[in-house]
Amino acid sequence: MTLQRRHIVIGVTVALAAVIAITLLVHSLGETKTNKADDPVQRVAPVVFVTRGPLENTITLTGEFRPFQEVDVHAKVAGYIQKIFVDVGDKVKTGQVLAILEVPELNAQVEGARADIRRSEDAIRRAQSEIERAESTHQAYHAAYTRLKQASEERPGLVAEQELDDSLAKDQETDAQIRSTRAALAEAQNQLGMAQATLDRLSALQAYSHITAPFTGVITKRYVDTGALISAGTSSETQSQPVVQLAEWSLFRLEIPVPESAVSMVHLGTVVQVHVLN
């Protein structure tokens, strides 16, 4: 073997030995890392102390504060808005007048009922006067008949039978006149009662022309202006327009939508923590 060929063989041998040494070194380092990772002494785990306590389930939901009560204020009678005193944002008290309606037909009916009352009162006064006159006339005819009858009994034949009969007829006629005038008085009194009831009903309706606040709150909406025609809000057949919307601002109602999956967690007496966001 020549010297040059010997040098080549030695070089290949050295290179092969270096590759084997590097491979063994990498394998040894890999096993060392694996052993360190698998070593239980090197593991770190959180530790907590076990204590007794009730199990709790909590859920976070988003709710909304709404007025405790909120209503649309309608008019009980139909009419035109003569004056409206409030606007959105105004605070009002219970019984405060919000608007006034102009109701010409109702006003005319009230005046007609008052006229009926005056006529009934006049009829009552006339009936009372007729009764007094009838009673006075009856007393006179009754006294005359009583004297004639007494004289006829004391001295038979002194008074003619025709005269006695005529006096008796006058007595009975005036007595019937009293009963008739008393019936007329009762009728007039009944008419007065009916007219008074009609006036009371119309006056009550007329009072509804003043639309008032049912409770203390704040005006959140205003639906009409001066001159608008408002339908009566007592009939379900017509779509009456409200005057204003009123909401109670001193007390609120918290509305929280609960999902179906959490309904079983909600019971009477369940504590709810509320966080108000500004």
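Computed over protein heavy atoms with a 1.4 angstrom probe, the accessible surface ordering of Arg114, Arg52, largest first, is Arg52, Arg114.
Candidates Gln206, Leu229, Ile219 compared by Cα position along the dipole of the stretch 145-278: farthest toward the positive end lies Ile219, with charges placed on Cβ.
Extension gain, Phe85 to His267, is 60.9 nm, computed as 0.36 nm per intervening residue step minus the present C-alpha separation.
Using C-alpha pairs under 8 Å with a sequence gap of at least 6, the mean separation divided by the residue count of the stretch 139-274 gives a relative contact order of 15 percent. Only protein heavy atoms count here; on that basis, with a 1.4 Å probe, Val276 has an accessible area of about 100 Å².
Average accessible surface for the stretch 105-240: 64 Å² per residue, computed with a 1.4 Å probe over protein heavy atoms with every protein chain in place. Lysine pair count for the stretch 46-184 with Cα-Cα distance under 24 Å and sequence separation of 8 or more or different chains is 5.
The values are calculated or read from the model by the stated rules, or taken from the named source; none is laboratory data. Just so it is clear, the model here is predicted, and its values are computed rather than measured. Backbone-built Cβ (ideal geometry, glycine too); neighbour counts: all protein chains shown. Ligands, DNA and RNA are excluded from the accessible area calculation, which covers all protein heavy atoms including side chains. Shrake-Rupley method; radii C 1.70, N 1.55, O 1.52, S 1.80 Å.
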